[in-house]
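Below is one structure, written out as structure tokens, with a few remarks after it.
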Amino acid sequence: MNLAALILYRQTKDRATDPGKCITMRKILLINGGQKFAHSGGTFNKTITEWTAGFFTDAELRITDINDEWDADEEAEKFVWADVIIYHTPV
């Protein structure tokens, strides 16, 4: 479980026992930073991004894949919109 998933899990658990303790983060921006190059197809980061999207079924998601075409203004809007930003990058 990644850090953002752990935070949201903990908040959900806290909400069940004390609703005043939870800060709701419903708008999540996922960024797949795994590049396709040489021998790497970016499969690992793509898989982790898809898994993360499947985990947050009750949240609004926007996903950016750096391998796709993107617009700087649109990406800036996503950062303003999001409560949480999760980066999946190669290690």
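The values are calculated or read from the model by the stated rules, or taken from the named source; none is laboratory data. Since the structure is predicted, the reported quantities are computational estimates derived from the model, not experimental observations. Here the Cβ is made from the backbone with ideal geometry for all residues, glycine too, and neighbour counts use every protein chain on show.
Couple of notes before you dig in:
- Counted residues, region 8-52 - those being within 15 Å of Tyr87 (Cα to Cα), hydrophobic (A, V, I, L, M, F, W, C) and either modelled with pLDDT under 55 or part of a strand (DSSP E or B) (or both): 4
- Answer residue from region 62-91, given it is polar (S, T, N, Q) and either modelled with pLDDT under 95 or surrounded by fewer than 16 Cβ atoms within 10 Å (Cβ to Cβ) (or both) and is farthest from Lys36 (Cα to Cα) among those: Thr89
- Residue ID - farthest from Thr43 (Cα to Cα), chosen from residues in region 54-91 that are among the β-branched types (Val, Ile, Thr) and in contact (Cβ under 8 Å) with a residue 12 or more places away in the chain: Val84
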